[in-house]
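Asks: Below: one structure in structure tokens.
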Amino acid sequence: MKEKSFKYWQWRTLIVLMIGYACYYFLRKNFSAAIPAMEASLGLSKAQLGAFLTANGVVYGVSRFINGIIADRANKRKMMTLGLLLSCVINLLICFSPKFNGFMHLLDSEGKATVGLVYLIGSLWVVNGYVHGMGYPPCSSLMAHWFRPKELATKQSLWNASHSIGAGAVVALCGWMLSRFGYSAWNLCFIVPAAIAFVGAIILYAGLRDTPSSLGFPEIETLDKFERGEIEEATVEKETELTSRQFRHFVSKMVYRNPLVWIVALTNFNVYVIRLTILDWGTSILTQYRGLEIGIAASIVAASELIGGVLGSAVAGWATDKLFKHRVFRCGAVCTILATAFLFLFWKLPVEANWMWSAVLIVISAFFVYGVSGLCGIGASKYATKRASATANGLVGLVAYVATIISGLGFGKLADSLGWDAVFVVSITIGVVGAIVQAAFWKAPADDYHLEENVLNESRKL
């Protein structure tokens with residue numbers, strides 16, 4: 001009964017985290033889906049919208065780093081719930097921002113955005129980037145606490161599907177609303193997802209618990225030792241707390257001075273350029289570069305998330321554990337080169353080709369993109385171990401979201417001045433570099449748990 005109960009809580013934690021993080025994406029990728037409508041209705045330029053995406057991404061990366069450090073020593077359930085609730089409030093403020101025109105000069109005589117509205121929406125989206133950094137670190141930490149290293153790639157890859165489920169569902173929802181009610185209804189892309197995410201916040205708070213020992217279960221290291229026959233009984237012992245000084249030393253050795261964590265971070269940077277090319281600019285590329293109707297364009301981007309993303313993440317996790325001997329760099333290198341190759345094929349697809357070919361190539365590229373993206377979070381947790389997994393994922397996220405400087409503001413300016421071809425050249429080049437970096441670490445170990453005990457002993461002596 002104890003074993004069945006533990007498995008129940010493992011699956012409960014996984015499912016609740018999937019629901020909660022999918023709701024985070026409802027309040028994050030809704031902006032990308034609304035870009036064409038905000039361009040048309042408010043008169044915003046691609047450069048301005050790209051600047052919003054860049055500022056949001058950079059702040060999000062910094063927030064993931066800061067909150068990653070906090071999450072390793074804080075109540076993860078409360079942190080994740082609070083972040084989602086704050087994002088609901090911010091999205092509602094963006095929705096109703098033009099209504100504040102009576103207090104500030106936000107709209108001109110033609111109903112287009114003034115500089116005041118540009119700054120207001122941009123500032124709110126930057127704050128939204130910070131509160132979203134309260135979502136990923138608790139997830140990565142909880143996954144590392146509830147699942148053993150040998151099963152983490154498979155299980156966390158299932159959780160990684162929440163990215164695609166949330167992003168795909170909100171893009172499809174926003175695309176349907178804009179197609180049904182017109183571009184002037186762009187604010188529905190913020191209020192409707194906020195209502196859905198509020199329900200998700202309630203589920204998060206009610207459904208999560210922090211660690212196995214808090215519910216009377218052994219921690220994962222104890223279970224591993226018991227299964228290997230190193231101990232006779234899997235007793236329940238809470239993790240020994242480290243002092244602040246000891247924890248800083250442990251994190252320094254396992255994260256900041258761990259070269260494998262930095263390679264994971266660089267890999268994530270490279271793949272995020274391709275990922276955000278598809279996700280942030282997908283609807284714009286398909287409507288403006290391919291000439292598709294907004295409903296079809298949004299559906300393709302949604303399919304890239306719901307089909308390509310969900311399957312890609314799950315298959316990559318399974319392949320890492322079953323085919324590549326738990327080594328994330330091996331599977332990641334294969335996925336990165338294939339993601340780049342299919343993005344190249346989409347770019348070179350003849351303009352007169354049926355839109356279905358665009359859909360197929362983008363979905364396949366997303367399949368491999370999300371395979372690598374999910375493996376980066378898994379690699380950070382495995383190389384930093386569960387005690388510092390949130391901090392490591394925060395660092396990896398910080399480096400990855402520097403990519404928004406390229407994919408947001410950079411690609412916005414490139415598209416305005418040189419066209420979408422220049423965007424594809426940069427994105428594909430960075431993808432090739434990412435594949436080469438991962439291939440160089442083909443023989444890296446599967447995880448660094450073999451170092452953890454020695455580093456812990458060093459830390460406890462301080």
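The values are calculated or read from the model by the stated rules, or taken from the named source; none is laboratory data. Worth saying up front: this structure is predicted, and the values here are computed from it rather than measured. Because the Cβ atoms are built from the backbone with ideal geometry, glycine has one as well, and the counts that use them run over all protein chains shown.
Asks: With respect to Phe6, is the statement that it is under 22 Å from Thr114 (Cα atoms) and among the aromatic types (Phe, Trp, Tyr) true?
Replies: Against the criterion (under 22 Å from Thr114 (Cα atoms) and among the aromatic types (Phe, Trp, Tyr)), Phe6 does not qualify.
Asks: Shifting gears a bit: Can you run down the residue pairs with Cβ atoms below 6 Å, 6 or more apart or on separate chains, where the first is in segment 5-34 and within 9 Å of Ser162 (Cα to Cα) and the partner is crowded, with 16+ Cβ neighbours inside 10 Å and among the hydroxyl-bearing types (Ser, Thr, Tyr)?
Replies: Sorted first by the residue in segment 5-34, then by its partner, the pairs are Met18/Ser162; Tyr21/Ser162; Ala22/Ser162.
Asks: Shifting gears a bit: Quick one: in segment 360-388, which of the residues that are in contact (Cβ under 8 Å) with a residue 60 or more places away in the chain and farther than 27 Å from Leu260 by Cα is surrounded by the most Cβ atoms within 10 Å (Cβ to Cβ)?
Replies: Ile362
Asks: Moving on. For the condition surrounded by fewer than 18 Cβ atoms within 10 Å (Cβ to Cβ), small (Gly, Ala, Ser) and in a helix (DSSP H, G or I), what is the one hit in Ala47, Ala34, Ala22?
Replies: When all the criteria are applied, what remains is Ala47.
Asks: Going by what's in this entry, would Gly379 be described as in contact with a Cys (Cβ under 7 Å, 6 or more places away or on another chain) and either modelled with pLDDT of 90 or more or more than 18 Å from Pro137 (Cβ to Cβ) (or both)?
Replies: No: the conditions fail for Gly379.
Asks: Every residue in segment 400-425 that is modelled with pLDDT of 85 or more and in contact with a Gly (Cβ under 9 Å, 6 or more places away or on another chain), please.
Replies: Of everything in segment 400-425, just one residue is modelled with pLDDT of 85 or more and in contact with a Gly (Cβ under 9 Å, 6 or more places away or on another chain), namely Val423.
Asks: If you don't mind, another one. Take segment 154-168 and flag every residue that is farther than 18 Å from Trp9 by Cα and not polar (S, T, N, Q).
Replies: Ala161, His163, Ile165, Gly166, Ala167, Gly168
Asks: So is Ala302 out of contact with any Gly (no Cβ under 6 Å at 6 or more places or on another chain) and in contact (Cβ under 8 Å) with a residue 40 or more places away in the chain or not?
Replies: no
Asks: Among the residues of segment 64-85, is any under 19 Å from the mean Cα position of the chain (by Cα), buried (at least 18 other Cβ atoms within 10 Å of the Cβ), not small (Gly, Ala, Ser) and not in a helix (DSSP H, G or I)?
Replies: yes
Asks: Still on this structure: Among all residue pairs at least 6 apart or on different chains, which show Cβ distances below 7 Å where the first residue, located in segment 422-444, is surrounded by 16 or more Cβ atoms within 10 Å (Cβ to Cβ) and the second is in a helix (DSSP H, G or I) and of a type in the set (Phe, Trp, Tyr)?
Replies: Val423/Phe411; Phe424/Trp347; Ile428/Phe344; Gln438/Phe329; Phe441/Phe329; Ala444/Phe329
Asks: Considering only residues that are of a type in the set (A, V, I, L, M, F, W, C), farther than 14 Å from Phe65 by Cα and surrounded by fewer than 23 Cβ atoms within 10 Å (Cβ to Cβ), which ones fall in segment 241-263?
Replies: Leu242, Phe247, Leu260, Ile263
Asks: Going by what's in this entry, would Ala415 be described as under 17 Å from Gly377 (Cα atoms), of a type outside the set (Asp, Glu), assigned to a helix (DSSP H, G or I) and in contact with a Phe, Trp or Tyr (Cβ under 8 Å, 6 or more places away or on another chain)? Step through it out loud before you land on a result.
Replies: Working: under 17 Å from Gly377 (Cα atoms): no; of a type outside the set (Asp, Glu): yes; assigned to a helix (DSSP H, G or I): yes; in contact with a Phe, Trp or Tyr (Cβ under 8 Å, 6 or more places away or on another chain): yes.
No.
Asks: Name every residue in segment 304-327 that is over 17 Å from the mean Cα position of the chain (by Cα) and assigned to a helix (DSSP H, G or I), in order of residue number.
Replies: Val315, Trp318, Ala319, Thr320, Asp321, Lys322
Asks: Among all residue pairs at least 6 apart or on different chains, which show Cβ distances below 6 Å where the first residue, located in segment 335-353, is on the phi > 0 side of the Ramachandran plot and the second is surrounded by 15 or more Cβ atoms within 10 Å (Cβ to Cβ)?
Replies: none
Asks: Further question on the same structure: Return the total of residues in segment 445-462 being aliphatic (A, V, I, L, M) and either outside any loop (DSSP other than H, G, I, E, B) or free of Cβ contacts under 8 Å to residues at least 12 places away in the same chain (or both).
Replies: Within segment 445-462, the first condition is being aliphatic (A, V, I, L, M), and the residues that meet it are 446, 451, 455-456, 462.
Next cut, either outside any loop (DSSP other than H, G, I, E, B) or free of Cβ contacts under 8 Å to residues at least 12 places away in the same chain (or both) only: 451, 455-456.
Count: 3.
Asks: Also, quick follow-up: Quick check on my filter: what residues within segment 399-421 are in contact (Cβ under 8 Å) with a residue 12 or more places away in the chain, surrounded by fewer than 21 Cβ atoms within 10 Å (Cβ to Cβ) and of a type in the set (S, T, N, Q)?
Replies: Within segment 399-421, no residue meets the criteria.
Asks: Can you tell me which of Thr391, Thr404, Thr429 is within 18 Å of Gly68 (Cα to Cα) and β-branched (Val, Ile, Thr)? Full working, then the answer.
Replies: Details: Thr404 fails: within 18 Å of Gly68 (Cα to Cα); Thr429 fails: within 18 Å of Gly68 (Cα to Cα).
Checking each option against the conditions leaves just Thr391.
Asks: Given the options Ser164, Ser214, Ser140, name the one that is polar (S, T, N, Q), surrounded by fewer than 19 Cβ atoms within 10 Å (Cβ to Cβ) and either in a helix (DSSP H, G or I) or touching a Pro at 6+ places or on another chain (Cβ under 6 Å) (or both).
Replies: Values: Ser164 fails: surrounded by fewer than 19 Cβ atoms within 10 Å (Cβ to Cβ); Ser140 fails: surrounded by fewer than 19 Cβ atoms within 10 Å (Cβ to Cβ).
After applying the criteria, what remains is Ser214.
Asks: When you look at Phe344, is it within 21 Å of His163 (Cβ to Cβ), in a helix (DSSP H, G or I) and out of contact with any Asp or Glu (no Cβ under 9 Å at 6 or more places or on another chain), yes or no?
Replies: No: the conditions fail for Phe344.
Asks: Let me ask you something else. Can you name the condition, by its number, that Ser358 falls short on among (1) in a helix (DSSP H, G or I); (2) modelled with pLDDT of 90 or more?
Replies: Among (1) in a helix (DSSP H, G or I); (2) modelled with pLDDT of 90 or more, Ser358 violates only (2).
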